[in-house]
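Colleague: Provided herewith is a single structure, encoded as structure tokens, for subsequent inquiry.
The values are calculated or read from the model by the stated rules, or taken from the named source; none is laboratory data. Being a predicted model, the structure only gives us computed values, none of them experimental. Note: ideal-geometry Cβ built from the backbone for every residue, glycine included; neighbour counts use all protein chains shown. Areas reflect the complete protein model, heavy atoms only, side chains present, ligands, DNA and RNA absent. Shrake-Rupley method; radii C 1.70, N 1.55, O 1.52, S 1.80 Å.
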Amino acid sequence: MFETVSVLRTAIRAARNEGRSVGFVPTMGALHEGHLSLMRRARAECDFVVVSIFVNPTQFGPGEDFARYPRDLAKDSGLIQKLGVDAIFAPSTEVLYPAGSQTYVEVPEIAARLEGAFRPGHFRGVATVCAKLFQVVQPDRAYFGMKDLQQVRVVQRMVTDLLLPVTVVPCPTVRDVDGLALSSRNGYLGAPERAAATVLSRALRACEAAFAGGELSAHALEQVLAEELGREPLARVDYAVVVDASTLDPVERVCSPAAAVLAVHIGATRLIDNALLEADCTPDTGRHSRV
Ligand code: AMP
């Protein structure tokens, strides 16, 4: 377990000097199978794997759950060690935000939409902490979950814009058997809410089914989402829309890859999820095929 930058860097430098590639999985801890799937992928693809655990204060807004976010470093490090990860980096806030810190990374356009509109400053915090962590670890490959699609796009944009020598590897969303995407925040749900939370994945599956049946209109697909979400009395929707899967811009028709993206409150807990809708439009027929 590494807590300081200098000691971690020494270990990474030693691995690099042996010609080993470095994989990195940033997390906020409270680990579940979703996180572990990223670590397994990193383990399979890289020689030296670093996992960070850091509940990043700058990505939480006022009134959000920073103080009560679940923290259990002992349990997390037990899970990580079983996977043969080489280094766990669990810095204090003062290590990543030295006294007097004033430098932030903004990715203004992608970060303004969807999650950013409901959580102002969230992606500024995400981009900033990822830039710092990339700077410390200097990984060849960094693994992120598609569950947080917009986060993946923000980080990819930042990596491109800042010419950072790291490949961002998006990884599939891991779900519970009933479809609910795993999340550290699922622990906040009581039993009735946990049952109600399956409405997110049900809505996405209904949308995917309509799309597979040939529906390409974003408006119609959004109606499918709204209808399914509307059936659950405990659900309060922040957004349920179909957007371009790369830019997250609104679309009218699903032509290039799109995504259905949701943010829904179930009681006091806010959950997000998404599904990719990948189409290959041929202008002469207007029909599509899955890619
Ligand atoms: P977090 O600890 O919530 O910051 O998440 C750390 C990483 O795990 C991020 O890249 C998330 O997108 C990813 N992640 C979270 N939940 C899942 C999941 N259910 N499936 C796959 N990846 C996930």
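Colleague: Taking the alpha-carbon centroid of each part, what is the distance from the stretch 164-232 to the stretch 7-29 in angstrom?
Modeller: 34
Colleague: For a bin width of 5 Å, list the pair-distance distribution of the stretch 137-201 built from all Cα-Cα distances, rounded to whole %.
Modeller: Calculated over all Cα pairs of the stretch 137-201, the distribution is 3, 15, 21, 18, 12, 11, 9, 7, 3, 0 percent.
Colleague: Find, to one decimal place in angstroms, the Kirkwood hydrodynamic radius of the stretch 1-41, where the mean of 1/r is taken over every pair of different Cα atoms and then inverted. If you can, show how the numbers build up before the last one.
Modeller: On the way: mean 1/r = 0.0838 Å⁻¹.
11.9 Å is the Kirkwood radius here.
Colleague: In a GNM of the chain with a 10 Å cut-off on Cα contacts, which of A203, A99, A195 has the highest mean-square fluctuation?
Modeller: In the Gaussian network model the winner is A99.
Colleague: Something else: Please state the Cα pair-distance histogram of the stretch 193-264 with 5 angstrom bins from zero: what percent is in each bin?
Modeller: 3, 18, 30, 24, 14, 8, 3, 0
Colleague: Sticking with this structure for a sec: Scan around F144 for amide H atoms under 5 Å from its own, H built in the peptide plane at 1.01 Å from N, and keep only partners 5 or more places away or cross-chain.
Modeller: Those lying under 5 Å, H to H, from F144 are V169, C171.
Colleague: Take peptides 11-23, 253-265 and line them up by average Cβ neighbours within 10 Å, highest first, as a rough protection proxy. Display every interim value, and only then the final one.
Modeller: Values: 11-23: 15.2, 253-265: 20.9.
Output ranking for 11-23, 253-265: 253-265, 11-23.
Colleague: Quick one: Karplus J couplings for the stretch 3-14, per residue in order, coefficients 6.51, -1.76, 1.60, θ = phi - 60°, nearest Hz, x for Gly and Pro?
Modeller: Whole-Hz 3J(HN,Hα) from phi for the stretch 3-14: 10, 10, 5, 5, 5, 4, 4, 4, 5, 5, 4, 4.
Colleague: Another question about this same structure. What percentages make up the Cα-Cα pair-distance distribution of the stretch 50-150 when the bins are 5 Å wide from 0?
Modeller: Calculated P(r), rounded to whole percents: 2, 10, 18, 23, 23, 15, 7, 2.
Colleague: Any idea of K132's accessible area? Nearest 10 Å², probe 1.4 Å.
Modeller: 50
Colleague: Also, I was wondering about something else. Work the Kirkwood hydrodynamic radius out for the chain: mean of 1/r over every pair of different alpha-carbon atoms, inverted, in Å. Don't skip to the answer; put the middle values down first.
Modeller: On the way: mean 1/r = 0.0497 Å⁻¹.
By the Kirkwood definition, the hydrodynamic radius is 20.1 Å.
Colleague: Follow-up. With a 1.4 Å probe and all protein chains left in place, how much accessible area per residue does the chain have, in Å²? If you can, show how the numbers build up before the last one.
Modeller: Numbers: 13420 Å² over 291 residues.
Ligands and nucleic acids excluded, the result is 46 Å² per residue.
Colleague: If you don't mind, there's one more thing I want to ask. Can you give me the relative contact order of the stretch 122-221 as a percent, contacts being Cα pairs under 8 Å and 6 or more apart?
Modeller: Working: 71 pairs, mean separation 20.6, N = 100.
Computed over the stretch 122-221, the figure is 21 percent.
Colleague: Now, a different point. According to the square roots a ≥ b ≥ c of the eigenvalues of the Cα gyration tensor, what is the shape class of the stretch 137-291, taking rounded for a/c under 1.5, prolate for a/b larger than b/c otherwise, and oblate for the remainder?
Modeller: On the way: a/c = 2.13, a/b = 1.07, b/c = 1.99.
Because a/c hits 1.5 or more and a/b fails to exceed b/c, the stretch 137-291 counts as oblate.
Colleague: Please report the projected area of the stretch 94-161's Cα convex hull averaged over all directions, in nm². Each step should come with its number before you reach the end.
Modeller: On the way: hull surface 20.1 nm².
If you wrap the Cα atoms of the stretch 94-161 in a convex hull and average its projections, you get 5.0 nm².
Colleague: Which one of V177, V241, V25 has the biggest mean-square fluctuation once the chain is modelled by GNM with Cα springs under 10 Å?
Modeller: The residue that fluctuates most here is V177.
Colleague: I've got another one for you. For every other residue with a beta carbon closer than 10 angstrom to the beta carbon of D47, add +1 if it is Lys or Arg and -1 if Asp or Glu, then tell me the sum.
Modeller: Values: positive: R16, R20, R43; negative: E18, E45, D86, D140.
Value of the local net charge: -1.
Colleague: What is the distance in Å between the Cα centres of the stretch 236-282 and the stretch 112-127?
Modeller: 16
Colleague: Also, quick follow-up: Enumerate the calculated ³J(HN,Hα) couplings along the stretch 37-42 in order (Karplus 6.51 cos²θ - 1.76 cosθ + 1.60, θ = phi - 60°), each rounded to whole Hz, writing x wherever the residue is Gly or Pro.
Modeller: Karplus-based 3J(HN,Hα) across the stretch 37-42 equals 5, 5, 5, 4, 4, 4 Hz.
Colleague: Let me ask something else about it. Restricting the calculation to Cα positions, tell me the Rg (one decimal) and the Dmax (whole number) of the stretch 1-78 in Å.
Modeller: Computed over the Cα atoms of the stretch 1-78, radius of gyration and Dmax are 14.4, 47 Å.
Colleague: Ok, one more. First compute the accessible area of the stretch 152-250 with a 1.4 Å probe, then give the percent of it belonging to carbon and sulfur atoms. Mind dumping the intermediate values first?
Modeller: Working: 2560 of 4560 Å².
The computed percentage sits at 56.
Colleague: Please report, in whole Å³, the volume per residue of the convex hull around the C-alpha atoms of the stretch 163-220.
Modeller: Working: hull volume 9.9 nm³, N = 58.
About 170 Å³ per residue, rounded to a whole number.
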